[in-house]
Amino acid sequence: SSSPSTTTAATEVTATPVTSAGAVVTTAAPTTVAPTTAAAPTSAAAPPAAPAPDPTTVLQAALDGLSTAYHFVSTVTLDGAVALTADGDRVGDGSRLTLSSRDGTVSYVITPDGSWVMPEGGEWQPVETDPADTDPISALRTPATVQSGATDGSTSHLAVTVSPSALGVPGDAPVPLDVTVTAAVLSGVTYATTVAGKPATVTSTFGPVQDPSPVTAPG
């Protein structure tokens, strides 16, 4: 006679008839069920990288961070030697500075109402012509182009071009400037020019104002 099929854990049993001594005998043939594997969880996609800051926005923010009162030192190097140094403070719309060269020093006070000069060992006297402007701040307010440069996280460089008239240098071609921004504030500017037909480099650095008092006519 035939035995009914039976089922055990993880094993299916099927009936297979065989012949023994003229009688039909049923034996159980085990069949193994293939194991299933759960799908591995997928990791979440990484967020997109933040876009690079706009270099023009970085420049204007660096200028604003300098505020309206700051100290500046501008050095003109001619033929590899320092030819002129301008050291002073800009406070609001006025400046007080000292120009130093191989010929000595000259002090200036510049206000919207007038300018005064005092030669070394001399007296203050009004002048109608301001000294050569080596401060590039006003030129940076109206750049022709601005491009991002190298950065190390805290200090970055911007490649800026300005018109020569805005910088007070001769020529018609835009003047390239290497602008340094430290902790989001303008800290330095370097550019090449010519003085008396010779190649020159102007380097300006900026920092906290040394004399924050208003710039007024010398008394």
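Bear in mind that the values in this text are calculations on the coordinates, not laboratory data. What you see is a predicted model, and the numbers here were worked out from it, not measured in a lab. Methodologically, a virtual Cβ is constructed for each residue, glycine included, from the backbone with ideal geometry; neighbour enumeration extends over all protein chains shown.
List of remarks:
- Amide H contacts under 5 Å for residue 105: 120, restricted to partners 5 or more places along the chain or on a different chain, H placed in the peptide plane at 1.01 Å from N.
- Hz values of 3J(HN,Hα) by residue in the stretch 87-104 - Karplus curve (6.51, -1.76, 1.60), Gly and Pro given as x: 10, x, 10, 10, 10, x, 9, x, 9, 10, 8, 10, 9, 10, 8, 5, 8, x
- For the stretch 47-153, the Rg and Dmax computed from alpha carbons only, in angstrom: 18.1, 67
- Between residue 152 and residue 192, the simple label model (points 7 Å from Cα in the Cβ direction) yields a spacing of 2.4 nm.
- Gyration tensor (alpha-carbon) shape descriptor, the stretch 82-219, a/c threshold 1.5: prolate
- Rounded to whole numbers, the Karplus 3J(HN,Hα) couplings from phi for the stretch 60-67 are 5, 5, 5, 5, 5, x, 6, 6 Hz, using 6.51 cos²θ - 1.76 cosθ + 1.60 with θ = phi - 60°, and x at Gly and Pro.
- Residue 203-residue 111 FRET efficiency (beta carbon distance; Förster radius 22 Å; 0.05 resolution): 0.25
- Over the stretch 139-219, the Kirkwood radius and the radius of gyration, each from Cα atoms, give a ratio Rg/Rh of 1.05.
- Full-extension gain in nm, residue 128 to residue 101, via 0.36 nm per residue minus C-alpha separation: 7.6 nm
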